[in-house]
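A short worksheet on the structure shown next.
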Amino acid sequence: MRKRVETHGFQLQQMRGDLFTCPRSEALAHCISEDCQIGAGIATLVREKFSGVQDLLSQKRKAGECVVLNQGNRFVYYLVTKGKSHQKPSCGSLWKSLEAMRNHCIAKGVTSVSMPRTGCGLDHLEWKRVLGIIKDVFKDTDIHITVAPLFKENLSPVEQSPPFQRRRACISATERPQAVLTQEPAWTQMYESESVTLRCQVQGGYTDWRFTWYKAGRNAPVTQDYYSSIYGDRFTISSATGDHSGEYTCKGERRGNPPYSKTSDALTLRVSELFSTPTLTVLPGASVWEGEAVTLQCGAHINKQGTQLQYRYSKDNGTVRGAGSQDQHSIPAAGLRDTGRYQCEVEAAGTGLKKRSASVSLTVRAGRPKPALSREGRGGEIFEGDTVTLSCSVQPYSTGWRYLWYKDRQGAPVYQTDSSSGTGAGYTISAAAL
């Protein structure tokens, strides 16, 4: 007969009745030697109930390891604790073999294991020490360990008496206190460069906790770095980046009982971009003629209202213009020296957060071609009312041009009127006038 109260976390109990009355859904565990010589003790009873001695030998496990056989719908764990059957195990080899069993249980989802007072029969280990080892190995799991004698008949008359059975009916490990993780301040929306503190507290009134922090997807605990620090029960991110997004948990550890807390529920941080990575555009294009005006346009999208951006421009890694609020930089008349690769850098004022654009090239070509103007039709004198057509051409580059027409070196272009019109490379005066 056994009594079990369902709890989360590790639980260890001792029971009345014998080992082989445990539910068939529970795994079994017991000790053997490397040579698998089974001649006495519980090992002989396990051998009679379960086949597979040859399988044990074929796995060639050493002391401190664990042999696992799958017997239908349950696993049977053979804890290899010594080299030869006539030798005695050590607490160290038992510890390692129990760790091997624990790892297999976790990997296969095994949550209940029944075993005798392993190592304490013919092997003469002290049960108090073995019990401590079992608790230390399984303390941070959700595995339930049931310890049972071979048969009820193996108990002494005193051990079978009701008062003794009541005392030993169920010895449970103390349920671990719960760790609780909170966020300060409790941002609902968090952006790059902002600061946040995660605080871990353990319920139950216990003191002297040391805390460990975890982030989903990492095999090792979180440690402090350039952007974060750990002090006492607080993990502070001083300048958040996108890499800080994710699920965080924590747990406590202390000297004394209980030595560990339960792991906290997960707390999710979502760090959004304060502004996008800038994009640099060259206008009118990446290739211009010497003397043309060029504009470098730096574009970045702001995601948090009120953010002020500062812009810097560089050419071939040298500064062209220092920080300013203008998102564009002008070159009024490009020269050959302006050829190169340009970048812009954007910084959110007061945060130190900077982002750089990809580099873009600007090529300034020498020898800008000069257009040639001609009059179509017959030459000679023009009379009032005549139609006159002017043609403009650029050689050797004959395509891709946009034409502007000027009269008497005026500063502004000539636009079409009722008696004139410009289409492409031609400008026509339909009725000449004085």
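So if I check each of LYS304, LYS355, which one is of a type in the set (Lys, Arg) and in a loop (DSSP other than H, G, I, E, B)?
Working: LYS355 fails: in a loop (DSSP other than H, G, I, E, B).
Checking each option against the conditions leaves just LYS304.
So, of the residues in the stretch 91-124 that are among the charged types (D, E, K, R) and assigned to a helix (DSSP H, G or I), which turns out to be farthest from ASN73 (Cα to Cα)?
Of all residues in the stretch 91-124, those among the charged types (D, E, K, R) come to 96, 99, 102, 108, 117, 123.
Filter again for assigned to a helix (DSSP H, G or I), leaving 96, 99, 102, 108.
Values: LYS96: 26, GLU99: 22, ARG102: 18, LYS108: 12 Å.
Filtering first and then ranking leaves LYS96.
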Among the residues listed as THR319, THR241, THR281, THR236, the single one being farther than 30 Å from PRO177 by Cβ and modelled with pLDDT of 95 or more:
THR281
So, of the residues in the stretch 90-111 that are over 17 Å from ASP140 (Cβ atoms) and of a type outside the set (Lys, Arg), which turns out to be modelled with the highest pLDDT?
SER97
Unmet requirement for GLY335, which otherwise passes all of (1) within 28 Å of SER239 (Cα to Cα); (2) touching a residue at least 12 places away in the same chain (Cβ under 8 Å):
(1)
Taking the stretch 234-247 only, how many residues are within 11 Å of ARG199 (Cα to Cα) and surrounded by 19 or more Cβ atoms within 10 Å (Cβ to Cβ)?
1
Could you grab me the full set of residues in the stretch 385-434 that are of a type in the set (Gly, Ala, Ser), closer than 17 Å to SER374 by Cα and at pLDDT 80 or above?
SER391, SER393, ALA425, GLY426, SER430, ALA432
Just to be sure I understand the filter: pairs with C-beta atoms under 7 Å, separated by 6 or more residues or on different chains, first member in the stretch 221-234 and of a type in the set (Phe, Trp, Tyr), second member modelled with pLDDT of 90 or more. Which pairs pass?
TYR227/ILE237; TYR227/SER238; TYR227/SER239; TYR227/THR241
Residue check, PRO258 against (1) out of contact with any Lys or Arg (no Cβ under 8 Å at 6 or more places or on another chain); (2) at pLDDT below 90; (3) buried (at least 16 other Cβ atoms within 10 Å of the Cβ), all met but one. Which one?
(1)
Evaluate the following for CYS250: is it outside the structural domain of ASN219 (by TED's automatic domain parsing), assigned to a strand (DSSP E or B), touching a Phe, Trp or Tyr at 6+ places or on another chain (Cβ under 9 Å) and in contact (Cβ under 8 Å) with a residue 40 or more places away in the chain?
no
Assess whether GLY422 counts as being small (Gly, Ala, Ser), outside the structural domain of GLY291 (by TED's automatic domain parsing) and part of a loop (DSSP other than H, G, I, E, B).
no
Residue match in the stretch 301-316 (condition: outside the structural domain of ALA186 (by TED's automatic domain parsing), small (Gly, Ala, Ser), in contact (Cβ under 8 Å) with a residue 40 or more places away in the chain and out of contact with any Gly (no Cβ under 6 Å at 6 or more places or on another chain))
no
Among (1) within 16 Å of LEU122 (Cβ to Cβ); (2) surrounded by 20 or more Cβ atoms within 10 Å (Cβ to Cβ); (3) modelled with pLDDT of 70 or more, where does GLN87 come up short?
(2)
Between a residue in the stretch 351-370 that is more than 12 Å from ASP338 (Cα to Cα) and any residue that is in a strand (DSSP E or B) and at pLDDT below 95, which pairs come within a Cβ distance under 7 Å, given they are 6 or more apart or on different chains?
ARG368/TRP289
Going by the conditions given, is SER195 closer than 30 Å to TYR311 by Cα and in contact with a strand residue (DSSP E or B) (Cβ under 9 Å, 6 or more places away or on another chain)?
yes
Listed by first then second residue, the pairs whose first member lies in the stretch 111-134 and is touching a residue at least 60 places away in the same chain (Cβ under 8 Å) and more than 18 Å from GLY92 (Cβ to Cβ), whose partner is crowded, with 18+ Cβ neighbours inside 10 Å and among the basic types (Lys, Arg), with beta carbons under 7 Å and at least 6 positions apart or on separate chains, are none
Looking for something in contact with a strand residue (DSSP E or B) (Cβ under 9 Å, 6 or more places away or on another chain), in the same structural domain as LYS128 (by TED's automatic domain parsing), at pLDDT 85 or above and of a type in the set (Ser, Thr, Tyr) - is there at least one such residue anywhere in the stretch 40-52?
no
Scanning the stretch 196-227 for residues that are of a type outside the set (D, E, K, R), more than 17 Å from GLY246 (Cβ to Cβ) and either in a strand (DSSP E or B) or modelled with pLDDT of 90 or more (or both) gives GLN201, VAL202, TRP209, PHE211
Name every residue in the stretch 313-344 that is more than 24 Å from GLY367 (Cα to Cα) and either among the hydroxyl-bearing types (Ser, Thr, Tyr) or in contact with an Asp or Glu (Cβ under 8 Å, 6 or more places away or on another chain) (or both), in order of residue number.
TYR313, SER314, THR319, ALA323, SER325
Test: residue in the stretch 333-349 that is out of contact with any Ser or Thr (no Cβ under 8 Å at 6 or more places or on another chain), assigned to a loop (DSSP other than H, G, I, E, B), at pLDDT 80 or above and not hydrophobic (A, V, I, L, M, F, W, C):
yes
Can you tell me which residues in the stretch 178-196 are buried (at least 18 other Cβ atoms within 10 Å of the Cβ) and not small (Gly, Ala, Ser)?
GLN178, LEU181, MET190, TYR191, GLU192, GLU194, VAL196
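The values are calculated or read from the model by the stated rules, or taken from the named source; none is laboratory data. Nothing here was measured: the structure is a model prediction, and the numbers come from that model. In this analysis, Cβ positions are derived from the backbone assuming ideal geometry, glycine residues included, and neighbour counts consider all displayed protein chains.
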